[in-house]
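Working notes for the structure below.
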Amino acid sequence: ENLRVTRYRDGTPIPTDLSNNEWENTTSGAYSIYPYEEAEGIDSEEQIVAIFGLLYNWFAVDNPTGICPEGWKVPSDDDWKILESTVGMSESDLGIAAWRGEIASLLKSPDGWIGDSEPGTDDYGFSAKASGARYPNGSYNRFGTYAYFWTSSPSGTQGDRGLRRLFTINDVRINRANRPSTEGQNVRCVRE
């Protein structure tokens with residue numbers, strides 16, 4: 001399931017309720033809740049958090065205190081590659097920074113997507129749902145059609161950007177790319 005903690009591991013609150021301007025200009029960790037009024041089939045903020053989790057910027061993911069519970073961590077780019085390889089992505093596709101592999105359906109939930117021509121079978125219990133994102137300018141987009149997941153790995157080439165994975169409707173591939181640290185995406189934790 002997607003992470004939905006509101007405090008770092010040491011109990012420090014993670015800031016939230018940032019305006020679009022504050023979100024765009026922050027250089028520290030923050031989280032956000034996708035507006036349920038803009039989410040088809042969702043009736044409350046509590047429901048969207050319970051089903052889709054929270055959207056964290058990469059500064060929260062990169063906080064040395066830790067965002068995952070004790071004994072857990074945000075998966076690195078290499079951790080994601082292990083998952084992708086286990087599910088069947090070819091060795092030659094793992095390091096590509098773009099759309100790669102044809103395994104997304106095996107990790108996508110059969111529900112939580114709108115109009116998906118490549119529906120998920122969730123063969124491995126990953127249950128990726130299209131929770132959308134909060135973009136660097138503070139706007140919310142892509143609920144029901146895109147699922148974004150941060151890794152703990154920074155971009156090796158572009159400043160304060162972090163690496164992420166992206167699942168989308170109508171595609172069996174998974175995208176691997178870097179994104180601005182002020183983008184709000186989901187987080188999954190893995191055991192340390």
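The values are calculated or read from the model by the stated rules, or taken from the named source; none is laboratory data. Everything numeric in this text was worked out from a predicted model, so none of it was measured. Backbone-built Cβ (ideal geometry, glycine too); neighbour counts: all protein chains shown. Accessible surface is based on the protein model in full, side chains and every heavy atom, while ligands, DNA and RNA are left aside. Shrake-Rupley method; radii C 1.70, N 1.55, O 1.52, S 1.80 Å.
General remarks:
- Think of each Lys and Arg Cβ as +1 and each Asp and Glu Cβ as -1; about the Cα centre, that makes the dipole of the chain roughly 440 debye.
- The chain, accessible area per residue, ligands and nucleic acids excluded (1.4 Å, Å²): 46 Å²
- Cα-based convex hull, the chain, per residue volume (Å³, whole number): 109 Å³
- Coil-residue GluC sites (Glu not before Pro) of the stretch 3-74, DSSP, other Cβ within 10 Å capped at 14: Glu40, Glu70
- For the stretch 136-176, the spread of Cα positions along each principal axis, largest first, Å: 31, 26, 14
- Estimated [θ] at 222 nm from DSSP helical runs (n ≥ 4, -39500 (n - 2.57)) normalised by residues in the chain, nearest 500: -4500 deg cm²/dmol
- Proportion of all alpha-carbon pairs of the stretch 58-151 beyond 24 Å (%): 30 percent
- Packing, taken as the mean count of other beta carbons within 10 Å per residue, orders the peptides 86-93, 144-151, 115-122 from highest to lowest as 144-151, 115-122, 86-93.
- Carbon/sulfur fraction of accessible area - the chain, other protein chains in place, 1.4 Å, %: 46 percent
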